[in-house]
Amino acid sequence: MSVALMGQGGAVLGYMVLHIKSAKTKELCIPSFVSTLFGISEPAIFGVNLRWKFPLVAGCIGGAVAGAYVFLAGVTALGFGTTALPGLAICDPVSTGIFGSNGYVNYIIAHIIALGVGLVLTVVFGKVVERRQGKTTA
């Protein structure tokens, strides 16, 4: 669940990269991303990603790729409730997967994967959408 949130955060950053010169976009994207770091997804999803659709898809793919890593690494939680940065508090320190036994490291790696894939795919999808619409990036 936590990596799905981070994928959406990466998509928000990707959208901001696409429109880096727009002050209005920065004002919307930066607080939306910061809120995802603390487990609050609504500003990212409803404020940015659903509005333009392609960031939502990219964020979902980022979360899925990172979710596969979580499964393979055997990352588990000791409880339920917090996600993203506060989620480290309930992450099981022992992983049983194929990527080592440190649950904290695998938890962080999974979130970096989600963030990176969401960001990169948003930029790629955004360039394709803008090219199809005959627009250039702002």
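The values are calculated or read from the model by the stated rules, or taken from the named source; none is laboratory data. Given the structure is predicted, the values throughout are model-derived calculations rather than measurements. Methodologically, a virtual Cβ is constructed for each residue, glycine included, from the backbone with ideal geometry; neighbour enumeration extends over all protein chains shown.
Residue-wise test of (1) surrounded by fewer than 20 Cβ atoms within 10 Å (Cβ to Cβ); (2) assigned to a helix (DSSP H, G or I); (3) polar (S, T, N, Q); (4) touching a residue at least 24 places away in the same chain (Cβ under 8 Å).
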position	(1), (2), (3), (4)
Ala4	yes, yes, no, yes
Lys21	yes, no, no, yes
Lys24	yes, yes, no, no
Gly39	yes, no, no, yes
Phe46	yes, yes, no, no
Ala64	yes, yes, no, yes
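Looking for something assigned to a helix (DSSP H, G or I) and free of Cβ contacts under 8 Å to residues at least 24 places away in the same chain - is there at least one such residue anywhere in the range 98-106?
Scanning the range 98-106 turns up at least one residue that is assigned to a helix (DSSP H, G or I) and free of Cβ contacts under 8 Å to residues at least 24 places away in the same chain.
Identify all residues within the range 113-123 that are surrounded by fewer than 24 Cβ atoms within 10 Å (Cβ to Cβ) and either free of Cβ contacts under 8 Å to residues at least 12 places away in the same chain or closer than 13 Å to His19 by Cα (or both); write none if there are none. Quick ask: steps written out before the conclusion?
Filtering the range 113-123 down to residues surrounded by fewer than 24 Cβ atoms within 10 Å (Cβ to Cβ) leaves 113, 116, 120-121, 123.
If the condition is that a residue be surrounded by fewer than 24 Cβ atoms within 10 Å (Cβ to Cβ) and either free of Cβ contacts under 8 Å to residues at least 12 places away in the same chain or closer than 13 Å to His19 by Cα (or both), then Val123 is the only one that fits.
Each row is one residue, and each column tells you yes or no for (1) touching a Phe, Trp or Tyr at 6+ places or on another chain (Cβ under 8 Å); (2) within 22 Å of Val12 (Cβ to Cβ).
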residue: Ala73; (1), (2): yes, no
residue: Thr76; (1), (2): no, no
residue: Pro86; (1), (2): yes, yes
residue: Phe99; (1), (2): yes, no
residue: Gly103; (1), (2): no, no
residue: Leu119; (1), (2): no, yes
residue: Val123; (1), (2): no, yes
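Would you mind finding the one in Leu85, Leu121 that is at pLDDT below 95 and within 13 Å of the chain's Cα centre (by Cα)?
None of the other options fit; the residue is Leu85.
Within the range 82-89, identify whether any single residue is more than 22 Å from Ser35 (Cα to Cα) and either part of a helix (DSSP H, G or I) or touching a residue at least 40 places away in the same chain (Cβ under 8 Å) (or both), and answer yes or no.
no
Please state which one of Gly74, Gly97, Gly47, Gly59 is touching a helix residue (DSSP H, G or I) at 6+ places or on another chain (Cβ under 9 Å), within 13 Å of Leu5 (Cα to Cα) and not basic (Lys, Arg).
After ruling out the rest, the residue left standing is Gly59.
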